[in-house]
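Working notes, structure below.
The values are calculated or read from the model by the stated rules, or taken from the named source; none is laboratory data. Just so you know, these numbers come straight off a predicted model, no measurement behind them. Cβ sites come from the backbone with ideal geometry, for glycine too, and all protein chains shown count toward neighbours. Note: areas computed on protein heavy atoms with side chains; ligands, DNA, RNA excluded. Shrake-Rupley method; radii C 1.70, N 1.55, O 1.52, S 1.80 Å.
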Amino acid sequence: MITALMMRLMIKGSGSAPGKVILFGEHAVVYGRPALAIPVAVVRAEAKVEHALQGSGLTIWAKDLGEEVTLASAPADHPLAVAARLALKRLGMQGVPDWRLTVHSTIPVASGLGSGAAVSAAIVRALAAAAGAELVPAEVSDIVYQVDRLHHGNPSGIDNTVIAYEEPVYFVRSRPPQRFAIGRQFWLAIADTGVRSPTKITVGDVRRQWEQDPRRLEACFDRIAGIVETARAAIASGAPSRLGPLMDENHELLSELGVSSPELDRLASEARRAGAGGAKLSGGGRGGNLIALVSPETAETVTDRLLACGAAGVIVTPVGVPQGEM
Ligand code: PMV
C-alpha cells in the first residue's frame, strides 16, 4: 500500500508559472515597438516530477489534455517534449531520468493568456527542481522562447518574458526586459470570448498586410508605440483612470489591423456601457481575451454584462500591489 508520506517522498520537484495578459502593444511588438504585459497569477500552470520505474524514461502526463507523452518516442516538435528536452540539456543531465512529469493548467488554451508558455515554464522549473538545480528567469525565458518559436514562427518574446520573470514587463524585442512601475493598483476584467484563435494566423495576416503596404502598417505601429509610452507613464504616476481611453484607442488600431472580431467588438462596447473605463482585445486577437478597465465598484456589473453577452468566462484581477505591501 502506498501511504501519503510515501507519495510525498516520491515527488522530486515541482514548478509553476502564471498566465499573462498584454496590456498594450501586441502585434506592433513583433515589429520592434514596445509593449506592456503583466503576469496573471489567478490562473497558473503547474508541473510535478515523481520517480518512475527504472528504465521507464521520462513520461509527461498532460492531465487536462488526457495526453501522455514519452520523451523517447515523442515527435521532434512536440511542445511538451521539446520543453523537457531543452530543460534537461540546459541542466546538463547525462541520459534521461526515470521520472513521471504531471502537468496541469487552469489557463484557458489559445486565448491570449499565455497558456502554452506557462506550461513550458512550469515543466522547465519542475525538472530543474527535481535535478536539484535552479534556473534564473532569463534561462527559463530563453527555453520557453525556443519552444514558442516552433509553433508561432516569429514570436516577439513577450509571452515567455513576462511568464518567466513573473513581473510587469515593458518589453522591446531583442532588448533586456524592464520592469515597469505601478504607482497605484488598478483592476482588470479579463473576458474570454470562447473563440480559440491561434496567434500564428493573426500574426501571419498582419505580416502579409505589412508586406503589401509597409507605410500604412508602420504608421499604425508607431501610433500603438505612442499609446504604450503614454500608458506606461500613466501607470507609473498612479493615474490608471487615464488608461481607459488609451485601451479604446489601442483596440481601434488593432481593428484597423484586422485582428479584432465581432465578438471582441461587442464585448468591448458592452463592457464600456456597463461602466468599464475602456476595453481592448489582448494578445493575438480574432478571439481569445478582452481586457476591460474596472474598479472594485464596477467589476461586478461589468462581469455580469460580459457573461450575459456571451463571454465564456471572466476573471477579475488586481494589477500591482497596494502601497505598503511591496
Ligand atoms: O496571443 P498571445 O497572447 O500569445 O499574444 C501574442 C502577441 C503578439 O504580439 C500578437 C505576437 C508576439 O509574438 O508578440
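Taking every DSSP bridge with both residues inside region 20-122, close to 75 percent are antiparallel. Helix 199-212 axis versus longest C-alpha principal axis of the chain: approximately 50°, rounded to the nearest ten. Between GLN146 and LYS63, full extension at 0.36 nm per residue minus the direct alpha carbon distance yields a gain of 27.6 nm. Distance from the alpha carbon centroid of region 131-153 to that of region 53-79 works out to 18 angstrom.
For the chain, lysine pairs with C-alpha atoms less than 27 angstrom apart, excluding pairs fewer than eight positions apart on the same chain, total 13.
In the neighborhood of THR102, defined by Cβ-to-Cβ distances under 11 Å, what is the net charge if each Lys or Arg adds +1 and each Asp or Glu adds -1? Net charge in that neighbourhood comes out at -1.
Note on MET247: accessible area approximately 10 square angstrom, rounded to 10, probe 1.4 Å, nucleic acids and ligands left out. Sorted from longest to shortest, the spans of the Cα atoms of the chain along the three principal axes equal 59, 46, 36 Å. In this structure ASP159 has an accessible area near 40 Å², from a 1.4 Å probe over the protein heavy atoms. For helix 115-130, what angle does its Cα long axis make with the longest principal axis of the chain, in degrees from 0 to 90 and rounded to 10? Approximately 30 degrees, to the nearest ten. If ligands, DNA and RNA are left out, what is the accessible area of SER16 with a 1.4 Å probe, given in Å² to the nearest 10? Accessible area of SER16: about 30 Å². Between SER174 and ALA138, the contour length at 0.36 nm per residue exceeds the alpha carbon distance by 11.7 nm.
Using Cβ point charges alone (K and R +1, D and E -1), the dipole size of region 58-142 about the Cα centre works out to roughly 100 debye.
Using only side-chain charges placed at the Cβ, +1 for Lys and Arg and -1 for Asp and Glu, the dipole size of region 259-305 relative to its Cα centre rounds to 200 debye. Placing +1 on each Lys and Arg Cβ and -1 on each Asp and Glu Cβ, with no other charges, gives the chain a dipole about its Cα centre of roughly 400 debye. Using bins of 5 Å that start at zero, the share of Cα-Cα pairs per bin across region 1-102 amounts to 2, 10, 15, 19, 16, 14, 11, 7, 3, 2, 1, 0, in whole %. Taking TYR170, TYR145 and ordering them by how much accessible surface each has at a 1.4 Å probe, largest first, produces TYR145, TYR170.
Under the classification rounded if a/c is under 1.5, otherwise prolate if a/b is larger than b/c and oblate if not, where does region 114-261 fall, given a ≥ b ≥ c as square roots of the Cα gyration tensor eigenvalues?
Details: a/c = 1.90, a/b = 1.29, b/c = 1.48.
Oblate, because a/c is 1.5 or more while a/b does not exceed b/c.
For region 121-246, the per residue solvent-accessible surface stands at 45 Å², with DNA, RNA and ligands left out and a 1.4 Å probe. Could you point to the residue in LEU264, VAL136, LEU65 farthest towards the positive end of the chain's charge dipole, with +1 and -1 charges on the Cβ of Lys/Arg and Asp/Glu respectively? Checking the options against the dipole of the chain, the answer is VAL136. Within the accessible surface of region 147-297, defined with a 1.4 Å probe on protein heavy atoms only, the carbon and sulfur portion equals 50 percent.
For the chain, what is the calculated [θ] at 222 nm in deg cm²/dmol (nearest 500), taking -39500 (n - 2.57) for each run of four or more DSSP H residues and dividing by its residue count?
-13000 deg cm²/dmol
The angle between the Cα long axis of helix 137-152 and the main principal axis of the chain comes to about 80°, on a 0 to 90 degree scale.
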